[in-house]
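Notes follow the structure.
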Amino acid sequence: MARNKYDMDEILEDSFDTKQLKRLAGYVSPYKTKMAGVIVLMLSSSALTMMVPIFFQRIMDFYIPDKNMEKILTVSLLTLAIACYSAVAMRFKIKTMSVIGQSIIHAIRNDIFNHLQELPFSYYDDRPHGKIQVRVVNYVNSLSDLLSNGIVNTVTDLCNLIFIIIFMLICDARLTLICLCGLPLLAVVIVFIKRKQRRAWQIQSNKQSNLNAYIAESINGIRVTQSFVRENENTHIFSNLSGSYRNAWMRAVKFNFTMGPSVDMISAITTSFVYVLGIRWILAPDATLTVGILIAFTAYIGRFWAPINTLAGFYNSLLTAISYLERIFETIDEPVLVQDAKDASVMPSIRGDVEFRDVCFSYEEGHRILDHINFTVSQGQTYAFVGPTGAGKSTIVNLISRFYNVDSGQILIDGNDISTVTIRSLRTQMGVMMQDSFIFSGTIMDNIRYGNKEAADEQVIAAAKTVCAHDFISQMENGYHTEVNERGSRLSAGQRQLISFARALLADPKILILDEATSSIDTETEILLQKGLNELLKGRTSFIIAHRLSTIKNADCIMYVDQGGILEHGTHEELLAQKGAYYELYMSQFDFLSPANA
């Protein structure tokens, strides 16, 4: 059962695990030398710009009264030089940190995608694919600004803050204390909104995930939507999901926007007190404060609150990123249930003997699909599985390829328990054609060669001829080099199956698994295909699932699967003679296809 659908929110974490930030630091670590260089450069630039208000103070208090144009010109040139140095330093910082930030994003996205490649079918069975995609793309992208600018800006701004306070104290300690009085007020604001802000971004990420899941589902099902004229209903569902996302986003940014105005308000209040008290102290009979000092100090006030505002923005970005980090690392931490054992060995060259020994399996705990299955297949034999939908036929062949782990029992190939060999060495010797004939974007040649990347063009064509796909491919505008869209929308269902068939055959598998391989092929093509299959199946262990019983008459053994077990097994003739479940199934198809019912 699916963990959640497009209209179900994911579980919210009550508290953030700080280990997630440590893990993020692990991605940053390879670039710490370059980042340290950028930080040193920016600090040198900041230290120089701290001198500019001092220059103005000297001009106001000394050079203008003394009419010393030479020193005024010198100070002006120094100010211009500092501005140029700062501009160059900023350009270097932006370029370097953009490269570093995107490199980290690339590493995180690679890790999450590589992990998704290893996760078993069960992971994808119970999650909307749109909710998986949003983690790889949107959530990782949301970390970009934090990694590109946030870390360096935070370090440099913290240092700048210390520099500024030192310079402010040099100017006037009394005015400095007035400015610092605003910090406790800001701390109160941060503490007040911290938890609400994080929760708001968690909710926003959930709504974004829901929306993305529904978009992906709608695109994949657009033909069904238009066939059943469901456009208005789908638009209504989308509007509700989009509205929920909009409301969640507005609530989240409301907390973000609370920080900036709070800093501005506290800054305005403290600056007002500085002006009022500063002017009063200038006008006092025993004044020690000059106009130049007040002008320099007010310049430092702007510089004092600017890094605080930047730090507040970083704090907002961090809280936003935390909600995404939780989902990203949750995906990376998803256990790979089907993986190589620690002492797994390479599967020897397969001969083709397969044995199911007391195998039990369930997708959900307490709901067993296969219950103590036992059978043995000898090298070169063809076994077919029939039975009602949901009986477990596809499950049996999926277990042979170890797409799932068995609950109990053993599956042996040539006497080797497949749970003790490496998955790659097992699957590379198998050819599997799934019920869903998935076609990738690219040429028809590339799609067939997907089963064997080293195959020459002649081998691809030979495989296509074997499954009777060559004729229709040759008639396309560019033959085997014709471009097809994702999922093969330009091809008929039967053509997609034939291409998938050729793909499986090109791998030259020792064990061949065909899951409803001919379900979308017309009867005439099926007859031609059967001739090629008979040659292909010789000396090769094969497992076939088919509802169309005419395709499996020649199988060495047919198994009727139902109620968690194998109810009947034997050749086509033997099962008909038993007049049991297989006989009834066969006769129902015969009656349906007979001229009287045509």
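Before moving on, here are some points about what is shown:
- Along the axis of the charge dipole computed for the chain (Cβ charges of +1 for Lys and Arg, -1 for Asp and Glu, origin at the Cα centre), the listed residues 428, 478, 179 are led at the positive end by 179.
- For the chain, the mean residue ellipticity at 222 nm estimated from helices alone is -19500 deg cm²/dmol, where every DSSP H run of n ≥ 4 contributes -39500 (n - 2.57) and the total is divided by all residues, rounded to the nearest 500.
- Sites listed here are trypsin sites (Lys or Arg not before Pro) in segment 15-113 whose DSSP assignment is loop and whose Cβ has at most 16 other Cβ atoms within 10 Å: 67.
- Under 14 Å, Cβ to Cβ, from residue 51 - net charge with Lys/Arg +1 and Asp/Glu -1: +2
- Think of a 1.4 Å ball rolled over the protein heavy atoms: the chain then has 51 Å² of accessible area per residue.
- (1) 28.9; (2) 30.3; (3) 38.0, with the label sought being that of the calculated mean projected area of the Cα convex hull in nm²: (3)
- Percent of beta bridges antiparallel (DSSP, the chain, rounded to nearest 5): 55 percent
- Spatial offset of segment 285-352 relative to segment 177-244 amounts to 21 Å, using the alpha carbon center of each.
- Legend: distances between Cα atoms for 32/196; 393/579; 553/579; 465/510; 510/553; pairs beyond 24 Å are 32/196.
- For segment 106-215, dividing the convex hull volume of the Cα atoms by the residue count gives 128 Å³ per residue.
- Solvent-accessible area, 1.4 Å probe, carbon plus sulfur percent, for the chain: 58 percent
The values are calculated or read from the model by the stated rules, or taken from the named source; none is laboratory data. From a predicted model like this one, the values you see are computed outputs, not experimental measurements. Neighbour counts are summed over all protein chains in view; Cβ atoms, including those assigned to glycine, are modelled from backbone coordinates with ideal geometry. Ligands, DNA and RNA are stripped out before the accessible areas are found, and what is left, the full protein with its side chains, is counted by its heavy atoms. Shrake-Rupley method; radii C 1.70, N 1.55, O 1.52, S 1.80 Å.
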